[in-house]
Amino acid sequence: MQKRILIATLIGVMAMISLVFSLVGSLVYSSIPSILALKSTLFLYYLPAIYGSLVVSIVAILLAMPLATGVAIFISEYLPRKIRSIFISINDLMASFPTIIYGYWGLYELGPFLNSTLFKALNTYLGFIPLFSTQPSTGSYLLASIVLSIMISPFASSLIREVYSKIPYIVDESVYALGLGRWEVIRIKLLYSRRAILGGMTLAFGRGLGETVAVDLTVGGAFSISSSLLSPGITIPALIANQFGSAFTQLEISSLFALALLLFIIGVSFTLIAKLLILRGER
Amino acid sequence: MRKMKAISNWLIAIIVIIFLVAGIVLYFYVKNGFQGNTTTSGSQSNTSSSNSIDVTKVSASLILGGSTFINPQMQAWIQTFSSKYPNIQVTYQSVGSGAGVNNFIKGTYDVGATDVPMPSQLWRNATNARGSVITIPDIVGGVAVIYNLPGFDSTKYGNLNLTADILSGIYLGKIQYWDDPSIKAVNPNYNFPHQRIVPVHRSDGSGTTFVFTLWLYQSSQQWKSSGVGYGYTINWPVDSMGALAGEGNDGVTAYVKQTPYSIGYVEIQYSIANNLSPAAIKNPSGNFILPTPSSVSIALSSLNISLFPKPTQDWSNLTPLLLNSESPNAYPIVTFSYLVIQENYSDLNKAIALYVFLNYIFTQGQSQGNVINGYLPLPDNVRQFVLNEIKLITYNGQQVYKMINQT
């Protein structure tokens, strides 16, 4: 019986590995023509998209991290047990919402609202900082980051909440026994779950990096690099989605695959960095 | 026990190998799979010798795909067509012109739909892969310029007038403010505010961008000498100056509507269907013309059909001939959307199904009730040309239209 289980799980693992290999293989294979054609300028050529992808997902993570952690703590520490499950299901529902809905909501509702309030204020009062130096545009890095952070924080928060709630109650009791308050309990429990927070953020970052529709609709689409978060830009997945339909020649298609490969490399290296950070934290 | 373990190790090793092989095979299958000729033909084959085949008895399936612009109209055509010929199954995949043409060349699609004729290189690839290829205009397209100018009321001040030189100045970043003297010169009735113009363009590769930039290239010396050129995707000089780019006609319209003092371009059909107020564009006769069904059809019905290429020739040079019509009331930025098909088939059912479907599109499909809101049917001269084109469809060298009995 054990053997059968072993074989059954092995089949699953092998299927997964071979799929990953064939996917990466096809990515590499298809991007060869453009890598050969552009050589070292490849990276430079796509710089606006690479820059945009990094800026949007990093800002989104910075915004999502406190949001997700805060929600997780609030749900497990302060909410009465009875209504906790309602909040948890609302949270999970948000994580499973189709991303295009977030995109259109960001474009038609959130964007115009933020443009006339927060973004305008940022530009008028903090305009001397390069980050906010341009007039708010209808689509921008910051708008995309905000929409993205709203999208990914439920995802990260449910992960954090799971780990946080698994910390034995004895920890709470011992902290209280020392005569400390709830704030200290939370701090200590956060320390316990810091790996989960980092792990959740890594997963959320991966999702944010690959997010296509919602970002495409809100980022503005301009193929340029700007230091200001309020100006429009472009991300790698948005560029691929936008250009794939009209890519006529072999080289055009191939360079889109090369972009996908770049995205894959960026994603993998960030996951590795996070893994290293977690390992270092353990020591 | 030990033996068991050895066997299970072997089993594991074999499974590992199987999956590695499966992975490699799967990869090559995916890589080459699309290139193989997919057979989507009908099950029974009609006898070819009989001189009249009952079309309603032909069963086949056709896969069309490409242009997103034609998609709503194509779906409407397919719907009415299917109710008449339930045995012929037609599907349309809205994947974009480039993918449509590439899938047609690879053999995945029976018909490719594209917003501009295939570029020469691809036309050669297509003829190499599928033999003689016919390019067929199927519906009228064009580009309308839309704007968001708070305080400007076209019922009070007249249409916003624009020229190719002004538009090229705006999209090159040389004209940056609404009160630029060149804009004032053609709109003397309105006192323009000193506000920055926000240009909006398409973020996706698009036939609309191709036609718009080709028109700028053809009509404005400034654009021509700037080196920006024309194409599906443009390296826009204004991108570094706060221009916006929206995905699809919806994306551009959303940005223009939400951004005060912005300007953008969309497909004419989209502008008509959504009641956008477009700008009037100066045509070669010096008149400022709004994009309306009549001004577009004037531009195309005055076309000299004898200048069209032969159906099986390279059509890539046709688009420039359609722009800037000399008729005094013609809108200058008009074009066609196209279908590309193979000329000769070895599958009789498919050839007949294709002929019947295309014949439907260009007869009843172009009539008032079957053209959906915003789309513009082909003018009669072009329609006649196209109906002759589809008669070229052959089954092993025999013309299909002669073989069928259409009721």
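The values are calculated or read from the model by the stated rules, or taken from the named source; none is laboratory data. Owing to the predicted nature of the structure, the values given are computational and were not obtained by experimental measurement. Here the Cβ positions follow ideal geometry from the backbone for every residue, glycine too, while neighbour counts run over all protein chains shown.
Worth a mention:
- The C-beta contact set for the stretch A:107-130 (first residue within 11 Å of chain B (Cβ to nearest Cβ), second residue outside any helix (DSSP H, G or I) and surrounded by 11 or more Cβ atoms within 10 Å (Cβ to Cβ), distance under 6 angstrom, 6+ apart or interchain) comprises A:115/A:136.
- Selection of the stretch A:213-222 for residues being crowded, with 22+ Cβ neighbours inside 10 Å and either more than 8 Å from chain B (Cβ to nearest Cβ) or more than 9 Å from residue A:137 (Cβ to Cβ) (or both) yields A:214, A:215, A:216, A:217, A:218, A:219, A:221.
- When the stretch B:218-238 is filtered for residues that are more than 9 Å from chain A (Cβ to nearest Cβ), without any contact (Cβ under 8 Å) to a residue 12 or more places away in the chain and either in a loop (DSSP other than H, G, I, E, B) or surrounded by 17 or more Cβ atoms within 10 Å (Cβ to Cβ) (or both), only B:227 remains.
- Some residue of the stretch A:34-46 being surrounded by 18 or more Cβ atoms within 10 Å (Cβ to Cβ) and farther than 20 Å from residue A:256 by Cα: no
- Qualifying residue in the stretch B:321-343 (condition: assigned to a helix (DSSP H, G or I) and touching a residue at least 12 places away in the same chain (Cβ under 8 Å)): yes
- The stretch B:98-126, residues that are more than 12 Å from chain A (Cβ to nearest Cβ) and within 20 Å of residue B:388 (Cα to Cα): B:110, B:111
- Hits in the stretch A:79-103 (condition: part of a helix (DSSP H, G or I), loosely packed, with under 13 Cβ neighbours inside 10 Å and of a type outside the set (Val, Ile, Thr)): A:81, A:82, A:85, A:89, A:93
- Spans of helices (runs of 4 or more DSSP H) in the stretch B:76-173 with at least 2 residues under 18 Å from the mean Cα position of the chain (by Cα) and farther than 30 Å from residue B:256 by Cβ: B:97-106, B:120-130
- Within the stretch A:24-32, one or more residues are within 14 Å of chain B (Cβ to nearest Cβ), more than 30 Å from residue A:231 (Cα to Cα), touching a Ser or Thr at 6+ places or on another chain (Cβ under 8 Å) and not aliphatic (A, V, I, L, M).
- All of (1) away from chain B (no Cβ under 14 Å); (2) surrounded by 20 or more Cβ atoms within 10 Å (Cβ to Cβ) hold for residue A:203 with one exception: (2).
- Where residue B:196 falls short, out of the listed (1) buried (at least 24 other Cβ atoms within 10 Å of the Cβ); (2) within 13 Å of another protein chain (Cβ to nearest Cβ); (3) charged (D, E, K, R): (1)
- Test: residue in the stretch B:167-175 that is touching a residue at least 12 places away in the same chain (Cβ under 8 Å), at positive phi and in contact with a helix residue (DSSP H, G or I) (Cβ under 8 Å, 6 or more places away or on another chain): yes
- Single residue of the stretch A:206-258 satisfying the filter (modelled with pLDDT under 85, outside any loop (DSSP other than H, G, I, E, B) and aliphatic (A, V, I, L, M)) that is nearest to residue A:145 (Cα to Cα): A:253
- Pairs are defined by a Cβ separation below 9 Å, a sequence spacing of at least 6 or placement on different chains, a first member in the stretch B:362-379 that is modelled with pLDDT under 85, and a second member that is surrounded by fewer than 17 Cβ atoms within 10 Å (Cβ to Cβ) and in a loop (DSSP other than H, G, I, E, B); the pairs so defined are B:374/B:274.
- Index of the failed condition, residue B:310 passing every other in (1) in contact with a helix residue (DSSP H, G or I) (Cβ under 9 Å, 6 or more places away or on another chain); (2) assigned to a loop (DSSP other than H, G, I, E, B): (1)
- Residues of the stretch A:227-246 that turn out to be surrounded by fewer than 24 Cβ atoms within 10 Å (Cβ to Cβ) and within 11 Å of chain B (Cβ to nearest Cβ), as a count: 6
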